[in-house]
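Coordinate-derived values only; no laboratory data. What you see is a predicted model; the values in this text were computed from it and never measured.
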Amino acid sequence: MDAFLERINTLNPDLNALVSLIPPEEACLAMALESDQQLSSGNSAGWLHGIPIAIKDLFNSKGLPTTLGSPVFPAGRCSTG
């Protein structure tokens with residue numbers, strides 16, 4: 001997770017590819033640790049368990065804003081999730 005967050009912090013200011021980020025210290029690293037613990041215990045939710053992903057903001061996702069990739073819809077304006 002640290003490598004993914006470092007790459008995002010390096011490239012995203014110029015690319016603005018990720019418009020809504022979960023605060024790393026508060027959630028991303030905690031989710032990564034939880035996945036590591038589950039996998040170490042032999043509990044797997046499938047072959048993608050623990051792999052960091054980005055959710056495209058064209059689709060409603062619980063807890064994440066849906067902007068439809070447009071400044072017309074500021075973060076959270078369209079979210080029904």
Report summary line: Under a Gaussian network model of the chain whose springs join Cα atoms within less than 10 Å, the largest fluctuation of GLY69, GLY50, GLY42 belongs to GLY42
Query raised in the report: How far, in nm, would the chain grow between LEU29 and ASP14 when pulled straight, counting 0.36 nm per residue and subtracting the alpha carbon separation?
Result: 3.0 nm
Query - Hz values of 3J(HN,Hα) by residue in segment 54-63 - Karplus curve (6.51, -1.76, 1.60), Gly and Pro given as x - result: 10, 8, 5, 7, 8, 10, 5, 9, 4, x
